[in-house]
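Below you will find the structure I want to go over with you.
The values are calculated or read from the model by the stated rules, or taken from the named source; none is laboratory data. Predicted, not measured: the structure shown is a model, and the values here were computed from it. FYI the Cβ positions are ideal-geometry reconstructions off the backbone, even for glycines, and counts take in every protein chain you see.
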Amino acid sequence: MPHEKQILPYLSSKHGDVIALTSDDRQLAQAVLTRLFRGGQIGGIRFGPILQVLIDRRDPEEPLQGQVYLNLESTWVVFERPPLVWPTCEEDIPEPSMEERLRVLCSLRDATISEVALGTEQPHLTLKFEGGRLLFINGKDDHYESWEVGTSHGDPAKPWLVVACPGGKVSVWAPKDFLN
């Protein structure tokens, strides 16, 4: 079944043309994730009910307005190198204390993100850092969003958002001119 691209009417009238894909368009999701993360570094962590990782992205060739963020809504793990067997669900990932999780995230602070990968069967998200370390975020949940990547405080006419939705789907919002 082909994926339908639709322009959200309320975003179209208030904020310009925005494409919202509510289907499972992983190719577009991968392109948006690459645009948001490429060359970025972890610049901060926002505390709350969900840990939010702030990404500093300074690419003079493809600047973005706003703050890139990653909401860690599911379990995640940092690997020193690619594992022989990748996790397939939350139960495959140990959940250390909050202090240990923060220590691990902070250890990635100065490393540049060199690659981004979106899982093919489930929307697991993997960020590869220079030096080879990998941040793997579980994308499988039948009831809740697993993670969200987007920009805040940017141009409302050019929102960027990718969400790992319940049931293994992804939703993508991107400026219309990104698709051209």
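So, in segment 109-121, how many residues would count as being surrounded by fewer than 19 Cβ atoms within 10 Å (Cβ to Cβ) and either aliphatic (A, V, I, L, M) or under 19 Å from Pro87 (Cα atoms) (or both)?
Here the count works out to 5.
OK, next. Looking only at segment 135-180, count how many residues are of a type in the set (S, T, N, Q), in contact (Cβ under 8 Å) with a residue 12 or more places away in the chain and out of contact with any Phe, Trp or Tyr (no Cβ under 8 Å at 6 or more places or on another chain).
2
Among residues belonging to segment 159-180 that are under 10 Å from the mean Cα position of the chain (by Cα) and over 16 Å from Cys89 (Cα atoms), point out the one that is surrounded by the fewest Cβ atoms within 10 Å (Cβ to Cβ).
It comes out as Leu161.
I've got another one for you. For Thr34, all conditions in the list (1) under 14 Å from the mean Cα position of the chain (by Cα); (2) outside any strand (DSSP E or B); (3) surrounded by 17 or more Cβ atoms within 10 Å (Cβ to Cβ) hold save one; what is the number of the exception?
(3)
Looking only at residues in segment 42-62 that are surrounded by fewer than 18 Cβ atoms within 10 Å (Cβ to Cβ) and touching a residue at least 60 places away in the same chain (Cβ under 8 Å), which one is nearest to Pro175 (Cα to Cα)?
Step by step, filter segment 42-62, then rank; the result is Gly43.
Could I ask something else about it? Which of the following residues is under 18 Å from Val32 (Cβ atoms) and not acidic (Asp, Glu): Pro123, Pro166?
Only one candidate passes the filter, namely Pro123.
Every residue in segment 81-127 that is in a loop (DSSP other than H, G, I, E, B), among the β-branched types (Val, Ile, Thr) and more than 13 Å from Lys140 (Cα to Cα), please.
Val85
May I pose another question? Do you know which residues across segment 110-135 are within 17 Å of Ile45 (Cβ to Cβ) and among the β-branched types (Val, Ile, Thr)?
Ile113, the sole residue that qualifies.
Does Gly132 satisfy the condition of being surrounded by fewer than 21 Cβ atoms within 10 Å (Cβ to Cβ), at pLDDT 95 or above, of a type outside the set (Lys, Arg) and farther than 12 Å from Val32 by Cα?
So Gly132 fits the description; yes.
Okay, next question. Tell me yes or no: at least one residue of segment 63-85 is under 17 Å from the mean Cα position of the chain (by Cα), of a type in the set (Lys, Arg) and at pLDDT 95 or above.
No: zero hits.
Still on this model: Applying the selection to segment 113-149, what residues are more than 23 Å from Cys89 (Cα to Cα) and either of a type in the set (Gly, Ala, Ser) or touching an Asp or Glu at 6+ places or on another chain (Cβ under 7 Å) (or both)?
Ser114, Gly131 - these are the residues of segment 113-149 that are more than 23 Å from Cys89 (Cα to Cα) and either of a type in the set (Gly, Ala, Ser) or touching an Asp or Glu at 6+ places or on another chain (Cβ under 7 Å) (or both).
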